[in-house]
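*Asks:* The structure follows.
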Amino acid sequence: MSRSITRTLGAVAVAAAMTVSLAACAGKKAPAGSADAGGQHKLVFGFSQVGAESGWRSANTKSIQDAAKAAGFELKFSDAQQKQENQIAAIRSFIQQKVDVIGFSPVVTTGWDTVLKEAKTAGIPVILTDRAVDTQDKTLYKTFIGSDFVKEGTSAGQWLVDTEKSATGPVNIAELEGTTGSAPAIDRKKGFEDVVLKDPKFKIIADQTGDFTRAKGKEVMEAFLKAHKDINVLFAHNDDMAVGAIQAIEEAGLKPGKDIKIVSIDGIKDAFQAMADGKIEEVVECNPLIGPQIMDLVQKIHDKQDVPDRVLSKEGVFSKDQAAAELPNRQY
Ligand code: GYE
């Protein structure tokens with residue numbers, strides 16, 4: 001790589017956390033990317049990932065990296081460590097490098113219009129993956145592929161309503177929320193509460209973010225348990241927080257699954273193991289393995305073909321009695 005390119009990049013405020021590959025950066029005028037063996041220009045896909053906060057996220061990253069490779073694209077991958085400013089810096093760097101298509105999974109829903117307008121002005125199409133943005137201007141991105149998070153919350157809530165059908169109440173719920181301001185945290189909460197709070201016997205007595213991580217899930221659950229002696233149910237917005245909470249519950253001398261019933265979302269292997277062990281009752285699946293679908297959309301967008309505004313990923317809901325049989329099939 002030439003020095004001038006190194007300097008050009010150095011001028012851009014690339015956050016320290018970024019892991020964008022510098023080796024394949026473009027020159028000043030030429031489009032980004034390298035030629036393949038046949039001398040053809042490889043499609044260059046710049047992708048800004050949220051971080052590495054959960055098992056779901058690691059599986060999503062691997063799916064994207066594997067699928068980009070299989071599609072023959074050059075992937076410029078950047079990890080934002082759950083910080084919006086890192087994602088904005090990454091997107092600006094992709095624009096500067098003149099990538100063909102930009103993809104990102106927005107850590108929070110708001111605050112994207114300025115940088116998305118910059119991409120649009122530069123003529124670089126953007127695809128949203130996994131999480132949505134909150135904007136009035138739908139022309140700022142080509143499509144959004146990901147799960148229906150409201151539906152996931154509703155499924156978790158419906159499980160609780162069914163399970164506690166004969167309970168007279170109160171049924172006291174603790175809620176471990178995902179990252180504040182993120183689409184899955186907002187939507188899962190809404191879906192769950194829409195169903196559950198129709199019946200006044202259900203009461204959410206503790207509610208705080210655990211930022212989608214195991215460590216925070218444990219820490220917040222410890223605080224919940226200190227403040228409340230009467231928690232019957234835990235709704236965790238993802239499995240990693242549920243797994244962290246299980247540790248806190250056990251360390252407090254209580255039995256997860258008996259003293260406190262747990263429902264969570266994602267479907268990682270560790271949650272299936274906890275279900276098989278009787279510690280989690282129900283897991284709503286959220287599919288991270290969307291790399292191939294993303295690459296398909298990237299290719300179509302690059303070829304100026306029409307793509308749907310919204311592409312949904314497929315997912316299921318699993319109970320404790322299915323856990324042992326399903327465990328060997330889990331891919332993440
Ligand atoms: O549920 C959680 C991750 O956006 C669907 O982010 C994703 C969520 C997932 O950290 O584990």
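*Asks:* Could I have the simple spin-label model distance between Q40 and K62, label points 7 Å from Cα toward Cβ, reported in nm to one decimal?
*Replies:* Here the answer is 2.9 nm between the modelled labels.
*Asks:* Treating only the Cβ atoms of Lys and Arg (+1) and Asp and Glu (-1) as charged, compute the dipole magnitude of the chain about its Cα centre; round to the nearest 20 debye.
*Replies:* Numbers: 41 positive and 45 negative charges, 242 e Å.
Dipole magnitude for the chain comes out near 1160 debye.
*Asks:* Hey, if we sort R330, R310 by accessible area with the 1.4 Å probe, largest down, what's the order?
*Replies:* Ranking R330, R310 by accessible area, largest first, yields R310, R330.
*Asks:* Build a GNM of the chain with springs between Cα atoms under 10 Å: which of A59, A227, A67 gets the top mean-square fluctuation?
*Replies:* Residue with maximal mean-square fluctuation among A59, A227, A67: A227.
*Asks:* With a 10 Å cut-off between alpha carbons and a GNM built on the chain, which of T213, T110, T129 moves the most?
*Replies:* Greatest mean-square fluctuation among the candidates belongs to T110.
*Asks:* Okay, moving on. If you find the alpha carbon centre of segment 164-186 and of segment 43-98, how far apart are they in angstrom?
*Replies:* Each part's Cα centre sits 31 Å from the other's.
*Asks:* Compute the length gained on full extension between A252 and A227: take 0.36 nm times their separation in residues and subtract their Cα-Cα distance, giving the result in nm to one decimal.
*Replies:* Going from the current span to full extension adds 7.8 nm.
*Asks:* Something else about it: Non-local amide H neighbours of I260 (under 5 Å, H modeled in plane, Pro and chain starts lacking H): which ones?
*Replies:* Amide H neighbours of I260: K255.
*Asks:* Here is a further query. Calculate how large, on average over all directions, the projected area of the Cα convex hull of segment 149-286 is; give the answer in nm² to one decimal. Walk me through the numbers before you get to the answer.
*Replies:* On the way: hull surface 28.1 nm².
The directionally averaged projection comes out at 7.0 nm².
*Asks:* In whole percent, what relative contact order does the chain give with Cα contacts below 8 Å and a gap of six or more residues? Write down the numbers at each step before the final one.
*Replies:* Working: 698 pairs, mean separation 53.3, N = 332.
Taking the mean separation of contacting Cα pairs over the length of the chain, I get 16 percent.
*Asks:* Could you derive backbone 3J(HN,Hα) for segment 294-303 from the dihedral phi with the Karplus parameters 6.51, -1.76 and 1.60 (θ = phi - 60°), listing whole Hz in sequence and x where the residue is Gly or Pro?
*Replies:* Once rounded to whole Hz, the list reads 4, 5, 4, 5, 4, 4, 5, 4, 4, 7.
*Asks:* Next up: Once Lys and Arg get +1 and Asp and Glu get -1 on their Cβ, which of V44, L160, I204 lies farthest toward the positive end of the dipole of the chain?
*Replies:* V44
*Asks:* What is the spin-label model distance, in nm, from D306 to K198 if the labels are put 7 Å beyond Cα along the C-beta direction?
*Replies:* Each label point is offset 7 Å from its Cα along the Cβ direction, giving 3.7 nm.
*Asks:* So what is the relative contact order of segment 149-286, in percent, for Cα pairs below 8 Å that sit 6 or more residues apart?
*Replies:* Computed value for segment 149-286: 25 percent relative contact order.
*Asks:* Could you calculate the FRET efficiency of S319 with K138 from 1/(1 + (r/R0)^6), where r is the beta carbon distance between them and R0 is 45 Å, rounded to 0.05?
*Replies:* Once rounded, the FRET efficiency stands at 0.75.
*Asks:* Okay, next question. Which value, in Å², gives the accessible area per residue of the chain when a 1.4 Å probe is used on the protein heavy atoms?
*Replies:* 44 Å²
*Asks:* Helix 183-196 versus the longest principal axis of the chain: what is the Cα-based angle in degrees, 0 to 90, to the nearest 10?
*Replies:* Rounded to the nearest ten degrees, it is 30.
*Asks:* Here is a follow-up. In whole percent, what relative contact order does segment 35-142 give with Cα contacts below 8 Å and a gap of six or more residues?
*Replies:* Once divided by the residue count of segment 35-142, the mean separation gives 27 percent.
*Asks:* Another question, if that's okay. Test of understanding: in a Gaussian network model of the chain with alpha carbons linked when under 10 Å, which of V283, V307, V243 would top the mean-square fluctuation ranking?
*Replies:* Largest GNM mean-square fluctuation: V307.
*Asks:* Something else about it: At a 1.4 Å probe radius, which order do E251, E285 fall into by accessible area, largest first? Can you show the working numbers first?
*Replies:* Numbers: E251 125, E285 30 Å².
Largest to smallest exposure gives the sequence E251, E285.
*Asks:* Counting each DSSP H run of 4 or more residues in the chain as -39500 (n - 2.57), what helix-only mean residue ellipticity at 222 nm follows after dividing by all residues, to the nearest 500 deg cm²/dmol?
*Replies:* Mean residue ellipticity at 222 nm (helix-derived): -12000 deg cm²/dmol.
*Asks:* I've got another one for you. Compute the normalised compactness of segment 189-267: alpha-carbon radius of gyration over 2.2 N^0.38 Å, N being the residue count.
*Replies:* Relative to the 2.2 N^0.38 Å estimate, segment 189-267 comes out at 1.03.
*Asks:* Tell me, rounded to the nearest percent, the portion of alpha carbon pairs in the chain spaced more than 25 Å apart.
*Replies:* Distances greater than 25 Å cover 53 percent of the Cα pairs.
The values are calculated or read from the model by the stated rules, or taken from the named source; none is laboratory data. Please read all numbers here as calculations on a predicted model, not as lab measurements. Don't worry about glycine lacking a Cβ; one is built from the backbone with ideal geometry, like all the others, and counts go over all protein chains shown. Side chains included, ligands, DNA and RNA excluded: accessible areas come from the protein's heavy atoms. Shrake-Rupley method; radii C 1.70, N 1.55, O 1.52, S 1.80 Å.
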